[in-house]
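A.B. asks: There's a structure below that I have some questions on.
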Amino acid sequence: MVQREGNQFMVDGQPLYVNGFNTYWLMVLAVDESTRPKVSEVFQEASAAGLSVCRTWAFNDGQWRALQKSPAVYDEDVFKGLDFVVSEAKKHKIRLILSLVNNWDAYGGKSQYVKWGKAAGLNSTSDDDFFSHPTLKYYYKSHVSTVLNRVNTITNITYKDDPTIFAWELMNEPRCESDPSGDKLQAWIQEMAVFVKSIDPKHLVEIGLEGFYGPSTPNKVQHNPNTYAQQVGTDFIRNHQVLGVDFASVHIYPDSWISQAISNAHIEFVKSWTQAHIDDAEEYLGMPVVFAEFGVSRKDPGYNLSYHGALISSVYQSVLNSTKKGGAGGGTLLWQVFPQGTEYMDDGYAVVLSKNPSLSNIISLQSTRLKTFNSLCSWKCRWNCKKKHASFPLL
């Protein structure tokens with residue numbers, strides 16, 4: 001199992017720094033024999049680029065090829081698809097961060113839970129009731145329990161016992177705009193983090209936040225990309241000080257948050273955004289921070305490969321600078337890696353490694369640097385240097 005010691009990830013007593021990726025649709029494509037090979041293909045290509053962690057969905061609520069067709073009612077064929085994803089990741093030595101529900105409507109999300117509640121007679125007025133209504137929280141807990149206690153039909157390993165799983169994510173990009181104070185979401189995080197740990201104390205848990213600063217840190221809201229970000233009910237530092245949360249998550253989308261048109265200001269924002277969160281993870285949280293989504297859409301006005309490479313490189317460099325000091329920069333997860341033949345699902349952010357040699361080279365170089373550094377950490381730890389590492393010029 002990946003563990004956490006202070007502000008670093010650890011495996012077998014050695015520090016671990018991550019270069020990873022997102023591919024959200026793996027479970028859905030694993031259901032059908034005709035598309036299942038694409039799951040193996042993306043793991044093969046990612047592994048060849050040195051990517052070692054994949055973040056993907058362990059939910060699909062009430063939609064096409066739903067995992068959870070209705071509360072506590074599951075499609076076994078879809079669950080077997082998720083079993084295949086976990087077994088293929090294990091085969092390719094890739095660990096998984098499994099997200100358990102969506103804030104957004106895609107793949108069901110909190111709105112689907114509210115629809116189920118209404119169908120059962122609940123008088124709900126907002127999708128944010130997901131975070132507070134006892135029945136809806138019960139639905140979510142039931143799903144969490146079902147996934148964590150699932151016995152993989154291929155490996156015969158219970159999910160909560162499988163070291164292939166890096167961590168559980170409570171929710172993809174939780175927001176509770178009906179309560180800008182952040183109290184409602186904070187209470188939900190507190191309850192659910194402890195609940196997950198009560199079932200599975202072995203695995204790490206993270207929230208799935210985008211990283212916006214909120215009311216508890218008015219001196220930090222200037223780091224937010226816009227004023228709206230501090231009104232969505234999230235609060236980066238406060239949220240991550242919850243019992244049961246092991247590491248911080250941050251997303252980076254200047255083309256969504258600042259302006260769709262590409263500009264140099266985006267790169268400057270990326271630099272300040274990443275550094276601010278690394279500093280806070282070290283000073284206030286004492287835990288690793290993972291930049292769990294970052295990318296740029298080819299559909300943006302002014303998009304070019306040079307800018308795309310600069311954005312990726314900026315995130316990588318900030319984390320690498322932290323890594324070399326033994327800091328809290330725990331890793332990065334690019335949004336998102338696709339294999340050839342799946343472009344029909346591309347939202348503009350997909351990186352097909354075999355078609356993008358310039359971006360693939362940047363990704364592979366970061367993997368090589370981190371692999372080298374992890375090896376040096378392991379060597380130095382044998383000489384009783386467990387936490388703080390010298391800066392290695394070759395990186």
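The values are calculated or read from the model by the stated rules, or taken from the named source; none is laboratory data. Owing to the predicted nature of the structure, the values given are computational and were not obtained by experimental measurement. Here the Cβ is made from the backbone with ideal geometry for all residues, glycine too, and neighbour counts use every protein chain on show. SASA here: full protein model, heavy atoms, side chains in, ligands and nucleic acids out. Shrake-Rupley method; radii C 1.70, N 1.55, O 1.52, S 1.80 Å.
A.B. asks: For the chain, give the percent of accessible area contributed by carbon and sulfur heavy atoms, probe 1.4 Å, rounded to a whole number. Walk me through the intermediate numbers first.
C.D. replies: Details: 7620 of 14720 Å².
Exposed carbon and sulfur together represent 52 percent of the surface.
A.B. asks: Any idea what log10 I(q)/I(0) is at q = 0.19, 0.23 Å⁻¹ for region 232-355, Debye with uniform C-alpha scatterers and no solvent?
C.D. replies: -1.06, -1.31
A.B. asks: Using the eigenvalues of the Cα gyration tensor, what equivalent ellipsoid semi-axes result for region 1-138 when each is taken as the square root of five times the eigenvalue, whole Å, largest first?
C.D. replies: Ellipsoid semi-axes (Å, largest first): 31, 20, 11.
A.B. asks: Rounded to the nearest 5, what % of DSSP beta bridges with both residues in the chain are antiparallel? Don't skip to the end; give the middle numbers.
C.D. replies: Values: 9 of 41 bridges.
Counting DSSP beta bridges with both partners in the chain, the antiparallel share is about 20 percent.
A.B. asks: Still on this structure, I have one more. Restricting to Cα pairs below 8 Å that are 6+ residues apart, what does the relative contact order work out to for the chain? Please round to a whole percent.
C.D. replies: 18
A.B. asks: What is the sum of charges, Lys and Arg at +1 and Asp and Glu at -1, for the other residues whose Cβ falls under 11 Å from the Cβ of ASP200?
C.D. replies: Values: positive: LYS160, LYS197, LYS202; negative: ASP161, ASP162.
My count for the surroundings of ASP200 gives +1.
A.B. asks: Something else: Determine the calculated [θ] at 222 nm for the chain from helices alone, applying -39500 (n - 2.57) to every DSSP H run no shorter than 4 residues and normalising by the residue count; nearest 500 deg cm²/dmol.
C.D. replies: That calculation yields -12000 deg cm²/dmol at 222 nm.
A.B. asks: How high is the relative contact order of region 272-327, given as a whole-number percent (alpha carbon pairs under 8 Å, six or more residues apart)?
C.D. replies: Across region 272-327, relative contact order equals 40 percent.
A.B. asks: While we're on this one: For ASN321 and LEU365, FRET efficiency with R0 = 22 Å and r from the beta-carbon atoms, rounded to 0.05?
C.D. replies: On the way: r = 15 Å, r/R0 = 0.69.
It comes to 0.90.
A.B. asks: Please report how far the C-alpha centroid of region 238-278 lies from that of region 142-215, rounded to the nearest whole angstrom.
C.D. replies: Taking the Cα centre of region 142-215 as reference, the centre of region 238-278 is 20 Å away.
A.B. asks: Between GLU206, GLU169, GLU282, which gets the highest mean-square fluctuation from a Gaussian network model of the chain, Cα cutoff 10 Å?
C.D. replies: Sorting by GNM fluctuation, first place goes to GLU282.
A.B. asks: Calculate, for ASP77 and ASN304, the FRET efficiency according to 1/(1 + (r/R0)^6) with r their C-beta to C-beta distance and R0 51 Å; round to the nearest 0.05.
C.D. replies: It comes out at approximately 0.75.
A.B. asks: Top to bottom by accessible area (1.4 Å), largest first, where do TYR316, TYR284 land?
C.D. replies: In descending accessible area the options line up as TYR284, TYR316.
A.B. asks: Moving on to the next point. Which residues does the label zone of SER272 cover in region 220-254, counting backbone N under 14 Å from a point 7 Å along Cα→Cβ?
C.D. replies: Correct set: 220-227, 254.
A.B. asks: If you take the square roots of the eigenvalues of the alpha-carbon gyration tensor of the chain and sort them as a ≥ b ≥ c, do you get rounded (a/c under 1.5), prolate (a/b over b/c) or oblate?
C.D. replies: The shape class here is rounded.
A.B. asks: Need one word for region 79-228: rounded, prolate or oblate. Basis is the Cα gyration tensor (sqrt eigenvalues a ≥ b ≥ c); a/c below 1.5 gives rounded, then a/b vs b/c decides.
C.D. replies: Judged from the Cα gyration tensor, region 79-228 comes out oblate (a/c at least 1.5, b/c at or above a/b).
A.B. asks: What nm distance separates the two modelled labels at GLN222 and GLN3, each placed 7 Å from Cα along Cα→Cβ?
C.D. replies: 4.1
A.B. asks: In a shell of Cβ-Cβ distance under 12 Å around SER263, excluding SER263 itself, what net charge do Lys and Arg (+1) and Asp and Glu (-1) give?
C.D. replies: Here the count lands on -3.
A.B. asks: How fast does region 113-154 diffuse by Stokes-Einstein, in µm²/s, taking the Kirkwood radius from C-alpha pairs at 25 °C and 0.890 mPa s?
C.D. replies: 218
A.B. asks: If you don't mind, another one. THR158: net charge of surrounding residues, Cβ under 14 Å, Lys/Arg +1, Asp/Glu -1, itself excluded?
C.D. replies: Here the count lands on 0.
A.B. asks: Please report the relative contact order for region 199-258, taking Cα pairs under 8 Å with a sequence separation of at least 6, and give it as a percent rounded to a whole number. Can you show the working numbers first?
C.D. replies: Values: 75 pairs, mean separation 27.2, N = 60.
About 45 percent, as a whole number.
A.B. asks: Taking square-rooted eigenvalues a ≥ b ≥ c of the alpha carbon gyration tensor, is region 169-259 rounded, prolate or oblate, where a/c under 1.5 means rounded and, failing that, a/b exceeding b/c means prolate?
C.D. replies: Here region 169-259 falls in the prolate category.
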